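The values are calculated or read from the model by the stated rules, or taken from the named source; none is laboratory data. This one's a predicted model, so the numbers in the text were calculated from it and none came from an experiment. Heads up, the Cβs are rebuilt from the backbone with ideal geometry, glycines too, and the neighbour counts pull from every protein chain shown. These accessible areas exclude ligands, DNA and RNA; they are computed on the full protein's heavy atoms, side chains included. Shrake-Rupley method; radii C 1.70, N 1.55, O 1.52, S 1.80 Å.
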Amino acid sequence: MKRIIKILLFAFLTGCVTQFVPETEEVKELLVVEGLITDQPGINTVKLSRSLPFGKKSEAKPLSGCIVSITNDSGNTLWMTEEEPGTYITDSASFRGEEGRTYTLHITGGEGTNGYNYESDPVEMIPVPPIDSIYFEKLVIKEDYRNYGEIDACQIYLDTYDPKNLCRYFRWDFDETWILRLLWPVPNIKCWVSDTSKTINIKNTVAFNESRIIRHPVTYISNTTDRLLRGYSISVNQYSLSEDEFVYWEKIQNLTDQAGGLYDIIPSSIPSNIFCVENPEEKVLGYFSVSAKSSKRIFIKDDFAGIIDQYPDCPTDT
């Protein structure tokens, strides 16, 4: 009898779960700014949206109808156009960032701004050196074992060096493309599949006498993907950062690595370089990035053993 009572009591205590949403001092909806201008030809983009209340799952709310412009230290003003709700772009034919110049973002009006105006701190475009080299190393995950054979993976690195020591803070992202060969006979049997990096990759050289980076890891490719099966290419982009922006990305990186606990850092505690003109105490999320950019691409055609077949159940005759 006592055993039955204990079981019923345990089931009662563990079976009732109530969602707990802690009270926070975070404002329900904050302005979110995602902006980047570089010294490369092409379109530069600034995305504006509103943050969502804590614990609410929904899509981002684009901020439409704003007047967005960029001014530089020589007094020139560039007006951006709204390509789609919340996305504002520059004219690729009339604007290109210049190293050494300082740029300021201006945001006026729009839905949900209550008539407030927002600006960024002036940000200098620091020169960035070219990427010296990108290379890969084949890693053996598992040696020959019985009849399973060897299993390989791939680690991609880069080297870079700024002889003038002007760039001390770096950020990288990449675009990768690989061959996917279809299993059934069709006119276009070979496809090229592309993807972009999803992680924050930053490093600084302030502790060293020279701004030199060697064997910095870019990405790791395991045998659980078909990227290395037939042909792979990666284009790595290198950006110059100011010290303030480096701290911003470092805090974002810590937030993404540690998210999940009750006492983790909340996004509104991460400093932004955007502020409200009429109310400087208002919190703004995001960053207006001004970076010089250099890129380099490599192709990998090596043979990697033990790559898992991603489509073992696909019919070959349909």
Answer with yes or no whether Ile300 is crowded, with 16+ Cβ neighbours inside 10 Å and at pLDDT 90 or above. yes
Of the residues that make up the stretch 46-56, is at least one surrounded by 10 or more Cβ atoms within 10 Å (Cβ to Cβ), of a type in the set (Val, Ile, Thr), under 30 Å from Arg101 (Cα atoms) and at pLDDT 95 or above? yes
Kindly provide the set of residues from the stretch 98-118 that are open to solvent by 60 Å² or more (accessible area, probe 1.4 Å) and at pLDDT 85 or above, ordered by number. Glu98, Glu99, Arg101, Tyr116
Close pairs from the stretch 232-251: first over 12 Å from Val123 (Cα atoms), partner assigned to a strand (DSSP E or B) and of a type in the set (Gly, Ala, Ser), Cβ under 6 Å, at least 6 apart: Ser235/Ser295; Asn237/Ser295; Gln238/Ser294
Ile131 meets each of (1) touching a residue at least 40 places away in the same chain (Cβ under 8 Å); (2) among the aliphatic types (A, V, I, L, M); (3) open to solvent by 40 Å² or more (accessible area, probe 1.4 Å) with one exception, condition (3)
Starting from residues that are open to solvent by less than 60 Å² (accessible area, probe 1.4 Å) and not acidic (Asp, Glu), keep the ones in the stretch 255-266 and report whichever is modelled with the lowest pLDDT. Gly261
When residues of the stretch 223-247 are limited to those that are open to solvent by 30 Å² or more (accessible area, probe 1.4 Å) and within 19 Å of Thr199 (Cα to Cα), the one modelled with the highest pLDDT: Val247
Of the conditions (1) touching a Pro at 6+ places or on another chain (Cβ under 8 Å); (2) modelled with pLDDT under 95; (3) open to solvent by 80 Å² or more (accessible area, probe 1.4 Å), Asn188 clears all except one; give me its number. (1)
Single residue of Glu278, Glu282 found to be over 29 Å from Ile43 (Cβ atoms), modelled with pLDDT of 90 or more, open to solvent by less than 60 Å² (accessible area, probe 1.4 Å) and part of a loop (DSSP other than H, G, I, E, B): Glu282
Residue by residue through the stretch 81-101, note down the ones that are under 23 Å from the mean Cα position of the chain (by Cα) and not acidic (Asp, Glu). Pro85, Gly86, Thr87, Tyr88, Ile89, Thr90, Ser92, Arg96, Gly97
Based on what the data block shows, is Trp178 open to solvent by 50 Å² or more (accessible area, probe 1.4 Å) and more than 28 Å from Ser289 (Cβ to Cβ)? no
Any chance you could count how many residues in the stretch 148-183 are among the small types (Gly, Ala, Ser) and part of a strand (DSSP E or B)? 1
Can you tell me which residues in the stretch 86-123 are touching a residue at least 60 places away in the same chain (Cβ under 8 Å) and part of a loop (DSSP other than H, G, I, E, B)? Gly97, Glu99, Gly110, Gly112, Thr113, Tyr116, Asp121
Selection from the stretch 207-222 of residues within 15 Å of Thr160 (Cα to Cα) and open to solvent by 80 Å² or more (accessible area, probe 1.4 Å) yields Phe208, Asn209, Arg212, Ile214, Arg215
Looking only at the stretch 303-315, filter to residues that are hydrophobic (A, V, I, L, M, F, W, C) and at pLDDT 75 or above; which one of those is most open to solvent (accessible area, probe 1.4 Å)? Ile308
If Val140 satisfies all but one of (1) open to solvent by 60 Å² or more (accessible area, probe 1.4 Å); (2) not in a strand (DSSP E or B), what's the number of the condition it fails? (2)
